[in-house]
Amino acid sequence: MTNEHDERDEPSSGDDAAAEQPLDSAAEPGSDEPGEAARSAPTDSSATAAPKRPRKGLRIAALVVLLILVAGGVTSYVLTQDFGEQEDEPSLTTVAAPETDAVAGEAFASAEAGDCLFWEAGDAGDLSLVECSEEHRFEVASVMDLAHFPGTEFGPEAEFPSELRFAELRAQVCEPAVSDYLGARFDPRGKFSVNLINPGEAGWNAGERTIRCGLQNVGTTGEVFAVRGHAADQDQSVTWEPGECIGINHDIPTDPVPCEDPHAFEVVGIVNLVDEFGEGYPSTDDQDRFLDERCRQLSAEFLGGPERLEELRLTAFWDTRTLSSWLAGSRLVNCAVGAQTEGAGFATIAGSVRGEFTINGQPPGDAPAPDAPEDPEN
């Protein structure tokens with residue numbers, strides 16, 4: 001059987017200050033909006049607003065957006081892995097699972113809306129029905145019988161549809177089905193994307209014409225990650241555990257990788273925005289102001305002291321939540337540390353920042369210090 005699928009601001013003090021920046025922004029000095037760097041300048045220690053502090057952080061999404069403008073060939077990374085606050089275009093994507101030679105089995109045939117499916121084999125040949133509280137790779141939102149389509153395109157003698165045709169069906173049939181299934185609980189910037197599972201060519205040739213529309217957590221490289229629980233019952237924010245490192249490809253963050261491998265940033269903590277703002281939606285500016293301080297605190301705890309960001313030539317990053325994500329129930333954001341290139345992209349780090357590591361192949365002491373950010377209030 002086959003599974004169709006396709007498919008986030010700047011620092012703020014002088015050169016001697018430690019850097020910090022949000023996970024969902026393109027680094028554009030002095031801006032708080034997604035796709036731009038959000039940083040605030042240090043204040044005098046006697047000021048009432050905030051004590052003098054290291055340079056501010058950047059929202060990750062802004063970095064990604066800016067990189068798309070600079071190098072248009074990386075758009076797919078944003079479509080498949082959203083790091084922040086771009087416009088609320090639904091992240092509905094289609095991924096093709098490997099084909100098998102087996103006729104669609106019992107698990108496929110019996111799966112109904114609300115059921116969950118799991119497989120280990122690369123060709124999904126071991127597809128099985130599991131409880132949604134267990135690890136699964138697909139949540140069924142709807143069963144669609146293509147035999148009911150008008151005309152003969154999917155009739156008894158029809159050839160197995162192409163990958164492109166299944167992608168079209170995903171958009172035409174499955175996106176509306178998932179919208180009906182989840183309603184307001186679908187986060188268009190969350191970890192789930194719309195997908196479909198078809199019966200495979202052997203199953204098709206045996207007369208099976210149904211497909212399963214549903215939800216998956218798909219990485220930038222097409223890997224389908226296992227999840228637990230129904231999508232509607234969980235916070236759909238894209239988050240990673242502290243200590244996880246997120247890979248890099250052409251200056252763009254990808255999926256979790258071992259920290260010894262090249263990566264864009266290392267996660268230092270997860271923040272629940274409800275703890276600061278309650279259930280009322282906080283503006284992007286309010287999120288940035290809060291997360292700038294909170295992510296610096298988490299970075300200091302993770303690295304072993306508030307001076308370590310500056311000493312290690314690192315920058316703190318965070319992401320934020322859009323209104324549509326908030327209304328869908330997403331409240332969690334990432335705080336991370338990484339380094340920024342002159343072109344506002346992510347530098348390549350190898351090794352955990354809590355041990356020995358390099359920035360673009362250089363020890364951190366030899367790496368250039370992050371640029372000083374502008375005050376986001378200006």
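Under 24 Å from residue 254 (Cβ atoms) and modelled with pLDDT of 95 or more: is that true of residue 170 in this structure?
On the way: under 24 Å from residue 254 (Cβ atoms): yes; modelled with pLDDT of 95 or more: yes.
Answer is yes for this residue.
Kindly indicate which of 170, 189 is in contact with an Asp or Glu (Cβ under 6 Å, 6 or more places away or on another chain), outside any loop (DSSP other than H, G, I, E, B) and surrounded by 21 or more Cβ atoms within 10 Å (Cβ to Cβ).
Values: 189 fails: outside any loop (DSSP other than H, G, I, E, B).
One residue alone meets the criteria, 170.
Six or more apart or on different chains, Cβ under 9 Å: which pairs go from a residue in the range 261-282 that's modelled with pLDDT under 95 to one that's surrounded by 16 or more Cβ atoms within 10 Å (Cβ to Cβ)? Could you list them?
Final answer for the pair search is none.
When the residues of the range 170-192 are narrowed to those that are of a type in the set (Gly, Ala, Ser) and in contact with a Ser or Thr (Cβ under 8 Å, 6 or more places away or on another chain), which ends up nearest to residue 234 (Cα to Cα)? It would help to see each step written out before you state the result.
Our first condition is that a residue be of a type in the set (Gly, Ala, Ser); within the range 170-192, this holds for 171, 177, 179, 183-184, 190.
Of the ones still in play, those that are also in contact with a Ser or Thr (Cβ under 8 Å, 6 or more places away or on another chain) are 171, 177, 190.
Values: 171: 24, 177: 19, 190: 11 Å.
Step by step, filter the range 170-192, then rank; the result is 190.
So that you can scan it fast, the table gives a plain yes or no per residue for (1) under 15 Å from the mean Cα position of the chain (by Cα); (2) among the aliphatic types (A, V, I, L, M):
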| residue | (1), (2) |
| --- | --- |
| 226 | yes, yes |
| 238 | yes, yes |
| 241 | yes, no |
| 250 | no, no |
| 254 | yes, no |
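Give the number of residues within the range 239-278 that are closer than 22 Å to residue 355 by Cα and either touching a Lys or Arg at 6+ places or on another chain (Cβ under 6 Å) or not assigned by TED's automatic domain parsing to the domain that holds residue 347 (or both).
Looking only at that region, the number is 0.
Going by what's in this entry, would residue 242 be described as more than 17 Å from residue 179 (Cα to Cα) and modelled with pLDDT of 95 or more?
On the way: more than 17 Å from residue 179 (Cα to Cα): yes; modelled with pLDDT of 95 or more: yes.
In short, yes.
If we scan the range 150-158, do we find a residue that is within 15 Å of the chain's Cα centre (by Cα) and more than 30 Å from residue 352 (Cα to Cα)? Even if it seems obvious, please write down each step before you answer.
At the first step, the residues of the range 150-158 found to be within 15 Å of the chain's Cα centre (by Cα) are none.
For the range 150-158, residues within 15 Å of the chain's Cα centre (by Cα) and more than 30 Å from residue 352 (Cα to Cα): absent.
Go through the range 315-330 and report how many residues are assigned to a helix (DSSP H, G or I) and under 14 Å from the mean Cα position of the chain (by Cα). I'd like the intermediate steps shown before the answer.
Filtering the range 315-330 down to residues assigned to a helix (DSSP H, G or I) leaves 323-327.
From what is left, the residues that are under 14 Å from the mean Cα position of the chain (by Cα) are 325.
Total meeting the criteria: 1.
The values are calculated or read from the model by the stated rules, or taken from the named source; none is laboratory data. The structure presented is a predicted model; accordingly, all values stated were derived computationally and were not measured. Positions of Cβ are backbone-derived with ideal geometry, glycine not excepted, and every protein chain shown enters the neighbour counts.
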